[in-house]
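Single-structure report; data block below.
The values are calculated or read from the model by the stated rules, or taken from the named source; none is laboratory data. Here the structure is a predicted model, which is why all the values come from computation and not from measurement. A quick note on method: Cβ atoms are made from the backbone with ideal geometry, for glycine too, and the neighbour counts reach across all protein chains shown. Note: accessible area is taken over every heavy atom of the protein model, side chains too, but ligands, DNA and RNA are not part of it. Shrake-Rupley method; radii C 1.70, N 1.55, O 1.52, S 1.80 Å.
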Amino acid sequence: MDDSVEDKIIYQVYLTHMKLLSSKLTSAKNKVNSYSNMWKYMQFYFTKPEVIFFLALILCLLFFSGNLFKSTNGFLKKINRSLSFIGFNDFQQLMVDEKDALSKNWKFNGKNVALYAIKGRRSQMEDRYVIKTNIMNTGISLFAIFDGHGGEFAADYATTHLMKNLTNKIIEVKKLLDEKTNITEELKTFNSNISDNLSPKMKMKITKVEEQTTPKMKPTSSADDSVINQNNKFKQDSLSLIKDITTLKNVDEETINPSSYLQRDGNINFSKILIDEVLAADKLLIEAAKLTYDIAGSTALIVLVEGTTLFVANVGDSRGVMCDKKGNAIPLSFDHKPQQMREKKRIAEAGGFISFNGVWRVAGVLATSRALGDYPLKEKQFVIANPDVLTFDLSHHDPQFIILASDGLWDTFTNEEAIECIKKHIDDSYHGAQYLTIQSYNRGSLDNITVLVIKFPPIWSKESQVVDHGGSKY
């Protein structure tokens, strides 16, 4: 080939190569310009006050609805995987480890009683529960949920001390009632036998003597009951029986006679027992907490079942719900919230205030207006431990089951939604409690979650089951 022709070919190839290179550089420059223009547009629009306000409003709505952590959890995981290889391991603390949240749990599957509880998105588990069926063969059963806050001390104390004292009191009063019943039956038999053997003339004399002596006799004190004149045993036992079923008022827990819980109709005043024991436990809890400067507190939801009667004592915002025979959701308790008119008025009269900090809070601190513990807020009675006690006739409602749960569930479920969820799993209450707990977590609950399901009729009332978690680890 001629040299001149070869030079021309090489020159043309060189020109073509340079044009291609030039076009690539131009396109890269255009991309840079486009990114630069895009950044300018973003700066222009996103720095406008109305846009900033709108974005802040969306973030607030997500945060207060409890879905912010849920919606950002996957994004945080991706960032963590990207940053872990360059040494940003501490970023893991900002995330929620879903496996850790769900694997650390408490489970119980008994005779028509089932429980499932998880730590959830909290750093520690502060919920506690108690299950006691057919206590000492009395036919009485106790169930309780304690939702701690500010630490585990108050919930642990309630589980171990309050429930122990309550159980002992119930056994003591039940035993006393049985003794009184036996004495009454013996007196009736004794009186009947004597009446049959006395002549009409002798009966008239005894009647006159009783009419003359009864107004002059004074009721004996509890200390005098142990010293009974054998010659007047019948008369003294009668007076003692009348005295013991008289209700005592305005006395301290230390001086309460167990007989004061016996009513004239022969039943036990369980409502009074629940109130007295809760207040007594709170008093002791505050004294113990002050020694260690422990400001922890706890809600208390206690259910007592005796025969066909259900007693529910509530302090705080744990909640109970009943599913009646028609499938309706019947509230067993009502939350104590600072914004409620009754609670708001009581706090104001005590010299306190409530403020909105995510939710309404007493003194800007506590989201429930009643609780055990919390001694800094008890000094001036901004927060109290007085329980509300409701009584239900089970023969009237004929319930299918009841649900007791901490507010970790009720933050994401309504009463009706929870009832419908368990109704779908009524044949397996344990699976129902587990499903409801995990669904609450998936809906974005940020708290510990404890769900206790109790099915009716109560076959558990014939068998003793004692389960509780007070300070126990997973």
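Computed from backbone phi with θ = phi - 60° and the Karplus coefficients 6.51, -1.76 and 1.60, the 3J(HN,Hα) list for the range 149-156 is 8, x, x, 9, 4, 5, 5, 5 Hz; x is used for glycine and proline.
For the range 99-162 versus the range 359-406, the spacing of their alpha-carbon centroids is 16 Å. The label-point distance for Gln124 and Thr308, in a model that sets each label 7 Å from Cα toward Cβ, rounds to 4.7 nm. Approximating the spin labels as points 7 Å out from Cα along Cα→Cβ, the Ala288-to-Asn386 distance works out to 2.5 nm. For Ile58 and Asp428, the FRET efficiency from 1/(1 + (r/R0)^6), where r spans their Cβ atoms and R0 equals 51 Å, is about 0.80.
Near Ile354, the amide H atoms lying under 5 Å from its own belong to Ala363; only residues 5 or more places off or on other chains count, and H is placed 1.01 Å from N. For the range 263-321, the list of chymotrypsin sites (Phe, Trp or Tyr not before Pro) that fall in a loop by DSSP and count at most 13 other C-beta atoms within 10 angstrom reads Tyr293.
Using a 1.4 Å probe and counting only protein heavy atoms, arrange Ile419, Ile58 so the residue with the most accessible area comes first.
Values: Ile419 0, Ile58 70 Å².
Listed by decreasing accessible area, they come as Ile58, Ile419.
Our coupling estimate for the range 382-396, obtained by passing each phi through the Karplus curve with A = 6.51, B = -1.76, C = 1.60 and θ = phi - 60°, is 5, 10, 10, 10, 5, x, 8, 10, 10, 10, 10, 8, 5, 5, 7 Hz, Gly and Pro reported as x.
Which peptide among 285-291, 449-455 comes first, and what is the full order, when sorted by highest mean count of other Cβ atoms within 10 Å? Present the calculation step by step, with values, prior to reporting the outcome.
Numbers: 285-291: 16.0, 449-455: 27.4.
Listed from highest to lowest mean packing, they are 449-455, 285-291.
With R₀ fixed at 56 Å, the C-beta to C-beta distance from Asn442 to Glu179 puts the FRET efficiency at about 0.55. Over all other residues within a Cβ to Cβ distance under 15 Å of Lys424, the charged ones net out to -3, with Lys and Arg as +1 and Asp and Glu as -1.
Among the listed pairs Lys107/Lys325; Lys119/Lys325; Lys174/Lys290; Lys164/Lys272; Lys104/Lys337, give every one whose C-alpha distance is greater than 23 Å. Over 23 Å apart, Cα to Cα: Lys107/Lys325; Lys119/Lys325; Lys174/Lys290; Lys104/Lys337.
When you have a sec, figure out the Kirkwood radius of the range 361-447 from all distinct Cα pair distances and drop it here in Å to one decimal? Working shown, then result.
Numbers: mean 1/r = 0.0641 Å⁻¹.
About 15.6 Å for the range 361-447.
Multiplying the residue separation of Glu172 and Lys326 by 0.36 nm and subtracting their alpha-carbon distance yields 51.7 nm.
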